[in-house]
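Everything on this sheet refers to the single structure shown next.
Rule-based calculations on the coordinates, nothing more; no lab input. Please read these numbers as outputs of a predicted model, since none were measured by experiment. Virtual Cβ from ideal backbone geometry, glycine too; neighbours counted across all protein chains shown.
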Amino acid sequence: MNGSLDDYSRRRFLGDVTTGLMGVGLSHLLGGEALFAANAGRLDWKPGSGMTHLQPRAKRVLQIFCPGAASHMDLWEHKPMLDKYDGKPLPGEENFVSFQGKNGPLMRSPWKFAPAGQSGKMISSMMPHMAAHVDDIAFFHGMQSKTNTHGPGCVFVNTGHETEGFPSAGAWISYALGSLSDNLPTYVAIPDIRGEPPNGKANWSNGFLPAKYQAITMAAHRPIRNLRPPKTVGSDEERDTRAMLRRMNERHAELRPQESELQARMGAYELAAKMQLSAPEVSDFESEPEHIHRLYGTDSQNSLKAAYARNCLLSRRLLERGVRYVNLYCSSRASGVDGLLNWDAHKTLKDDYERHLPIFDQPTAALLSDLKQRGMMDDTLVLWTTEFGRMPTRQNGTVGRDHNPDGFTLWMMGGGVKGGASYGATDDFGRRAEENPTTIWEFYSTVLHILGLDYNQLSWYHNGLDRRLTDVHGHVIKDVLA
């Protein structure tokens, strides 16, 4: 300030204040530009290039899906109040009508819960093998769904939308990150030997994304067909034929650039040629040592458990060889008898889950242990998913539980995940998400963040809208990040 205080006029004071405020604003703008410049290397992100928006913590995904709505309060979330009030009405909802009708009284879990790991996390005593991994898992106990019907519920958890026609999470990630392998698919779905999940292939569809981003289905019990050329065709003849077809296909596609199906079919044929060598090798379980087969339970006398164990082993071999996203299913679509082929235990929960839990427990835990032993868990994100939860009450006149979209559990572990964490909770009886209610959009926002992707920037223009896996929602749950 020049001159004495007596010379400092009101007009000059207001002028200096204005100049000062302009400087504050300019410094804020320059600070924003500096931040923009620091991240400029990420702004030229191109889908499929392997580039990310953020620093990735994992590079591949294993998603385990249990169709039929596996019961949260019988597997993962301990509810002592169910023991205390077993046989009494659910307070405030004594006449509640859910998916299949009126509900009876509260029903305790048929099995004890036991503390596991150093964290002392309480989980069902029916999962002794999975208990070894609780300190590495981040549980989402406050999940909610928009639907209480299996087909739309499965599609909702897999795609973020309850109607068909939208890309699955695996398709979005295939589109965003591209392949890690030149001779195996980017995205593989492994259906259970008991059949496909509700709504079938819509769970691993490409939706409106180009067709090449849909999953390739394969399983230990369903090898890829027609990989080997006929014995009457020599290698030179096959090579020349493929070269000619490639030129014809490329010319055909140039004239029809809007037809993504053509590009996908061409890519599939080229991949099929490479898979003549890679696919038989990835399915060669005989090369695995005996102790690995014992670990997984591929030699089990329970044929369903042995089949799922082989699919778990196949999952590890695919991930190990560069498949970006593996969708592994444990059980199938609903059957004529509730709970027989999947986790939909309407009438006889105890009998149903005493079939399903032994099939699930050892092979799944073995897969997680195997990934750890090979150092792959550091950059693999594992998700456990199901379409919704189950009621804390008996379904009227049964010893089973009806559908409950208002509160259930999902979990994740692996690269970027804070082990031993529990985010959210249902109420004392497991009826509704009460603490940190969580949507599938927040779950996938967190998944994308761990993979180095900004859920706001991962989009595809379709029917006048920029569509996203997280729809118009999203929020990264930082409480579960390592």
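Summary table below
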{"item": "Under Karplus coefficients 6.51, -1.76 and 1.60, residue-wise ³J(HN,Hα) of the stretch 105-117 in Hz, glycine/proline x", "result": "x, 4, 9, 5, 5, x, 10, 5, 9, 9, x, 10, x"}
{"item": "Global form of the stretch 422-482, assessed from the alpha-carbon gyration tensor, a/c cut-off 1.5", "result": "oblate"}
{"item": "Shape of the stretch 89-194, Cα gyration tensor, a/c cut at 1.5", "result": "oblate"}
{"item": "Whole-angstrom gap from the stretch 314-328 to the stretch 346-411, using each part's C-alpha centre", "result": "21 Å"}
{"item": "Centroid-to-centroid separation of the stretch 39-107 and the stretch 146-196 [C-alpha atoms, Å]", "result": "16 Å"}
{"item": "Order of Ser459, Ser145 - criterion: other Cβ atoms within 10 Å of each residue's Cβ, fewest first", "result": "Ser459, Ser145"}
{"item": "Ranking of Thr241, Thr385, Thr149 by count of other Cβ atoms within 10 Å, fewest first", "result": "Thr241, Thr149, Thr385"}
{"item": "Set of lysines near Lys121 by C-alpha distance (under 22 Å), chain-local residues within fewer than 8 positions excluded", "result": "Lys79, Lys84, Lys112, Lys372, Lys418, Lys478"}
{"item": "Other-chain or far-sequence residues with amide H under 5 Å of Lys121's (modelled H)", "result": "Ala116"}
{"item": "Relative exposure of Asp182, Asp402, Asp136, judged by other C-beta atoms within 10 Å (fewest first)", "result": "Asp182, Asp136, Asp402"}
{"item": "Partners for Lys231 among aspartates and glutamates (Cα-Cα distance below 19 Å; same-chain residues under 8 apart left out)", "result": "Asp240"}
{"item": "Calculated FRET efficiency for the pair Phe208/Lys46, C-beta based, R₀ 25 Å, to 0.05", "result": "0.80"}
{"item": "Shape of the stretch 350-440, Cα gyration tensor, a/c cut at 1.5", "result": "oblate"}
{"item": "R0 of 41 Å, Cβ-Cβ distance Asp351-Arg256: FRET efficiency to nearest 0.05", "result": "0.15"}
{"item": "Extension gain (nm, one decimal) between Gln55 and Asp86, 0.36 nm per residue minus Cα-Cα", "result": "6.3 nm"}
